[in-house]
1. So, of the residues in the range 48-66 that are within 15 Å of residue 88 (Cβ to Cβ) and charged (D, E, K, R), which turns out to be surrounded by the most Cβ atoms within 10 Å (Cβ to Cβ)?
2. Anything in the range 138-173 that is surrounded by fewer than 17 Cβ atoms within 10 Å (Cβ to Cβ) and farther than 25 Å from residue 103 by Cα? List them, or say none.
3. Could you check the range 44-77 and list, in sequence order, the residues that are in contact (Cβ under 8 Å) with a residue 40 or more places away in the chain, out of contact with any strand residue (DSSP E or B) (no Cβ under 8 Å at 6 or more places or on another chain) and farther than 23 Å from residue 115 by Cα?
4. Of these, 13, 27, which one is aliphatic (A, V, I, L, M) and either over 18 Å from residue 106 (Cα atoms) or within 14 Å of the chain's Cα centre (by Cα) (or both)?
5. Filter the range 44-82 down to residues that are within 20 Å of residue 97 (Cα to Cα) and either of a type in the set (Val, Ile, Thr) or assigned to a loop (DSSP other than H, G, I, E, B) (or both), then give me how many there are.
6. Across the range 37-67, what is the number of residues that are more than 16 Å from residue 105 (Cβ to Cβ) and touching a Leu at 6+ places or on another chain (Cβ under 9 Å)?
7. Which residues, taken from the range 164-178, are touching a residue at least 60 places away in the same chain (Cβ under 8 Å) and of a type in the set (S, T, N, Q)?
Amino acid sequence: MQTTMGKARNIILCGFMGTGKTTVGKLVAARLGWQFADTDQVIEARCGKPISAIFAEAGEAAFRQMERALCQEIAASWRGYVIATGGGMVLDATNRELLLRSGCLICLNLSAEHLARRLANKTDRPLLLNPPDGDLTAHIQRLLAARAEAYRAVPHQVDTTNLSPYAVSEAVLDIWRH
């Protein structure tokens, strides 16, 4: 497809919701002339309903099965994509392995405090609706702690704190180039 394809078949961005995967992914795709895909948007388009409705109607386990099937598809046939994954996709070791085989896997990180500020008014994030104690930051901290091992298992990390989307896209491209 592109002369840059020799580096890695795809660039895959993972991390907690709100870390900038979609924004940065679109910038990186534009810079490389590659296609962009957000796995949550792919699943929504295929199901004809938002993720929140999938969670409500079918449950999280069914959604995670859809994610696994999409990871298998990405590994088998996607080339020349910058992919933003759903925040929980890499929690599953098999999904992580499939994505690693598919290209350069990079985790974007941001503190719970910064995430809470970004996500405070989002109503389309099922895991953040009605935090148990009403404290969004504490709820995000608990979710991050539960996901920490899986996120750390990703070979490349970018701390997005105080970085513009452009600066994060540069960091992603630097990792991909080397």
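1. So the residue we want is 64.
2. 138, 141, 142, 145, 146, 162
3. 56
4. Values: 27 fails: either over 18 Å from residue 106 (Cα atoms) or within 14 Å of the chain's Cα centre (by Cα) (or both).
Step by step, each of 13, 27 is checked, and only 13 is aliphatic (A, V, I, L, M) and either over 18 Å from residue 106 (Cα atoms) or within 14 Å of the chain's Cα centre (by Cα) (or both).
5. So the count comes out to 5.
6. Keep residues of the range 37-67 that are more than 16 Å from residue 105 (Cβ to Cβ), which gives 40-66.
Restricting the remaining residues to those that are touching a Leu at 6+ places or on another chain (Cβ under 9 Å) gives 42-43, 46, 52, 55, 60, 64.
Matching residues across the range 37-67 total 7.
7. 169
Okay, residues lined up against (1) at pLDDT 95 or above; (2) aromatic (Phe, Trp, Tyr); (3) assigned to a loop (DSSP other than H, G, I, E, B):
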residue: 132; (1), (2), (3): no, no, yes
residue: 137; (1), (2), (3): no, no, no
residue: 140; (1), (2), (3): no, no, no
residue: 150; (1), (2), (3): yes, no, no
residue: 154; (1), (2), (3): yes, no, yes
residue: 158; (1), (2), (3): yes, no, no
residue: 162; (1), (2), (3): no, no, yes
residue: 167; (1), (2), (3): yes, no, no
residue: 170; (1), (2), (3): yes, no, no
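The values are calculated or read from the model by the stated rules, or taken from the named source; none is laboratory data. In this text the structure is predicted, and so the values were computed from the model without any measurement. Virtual Cβ from ideal backbone geometry, glycine too; neighbours counted across all protein chains shown.
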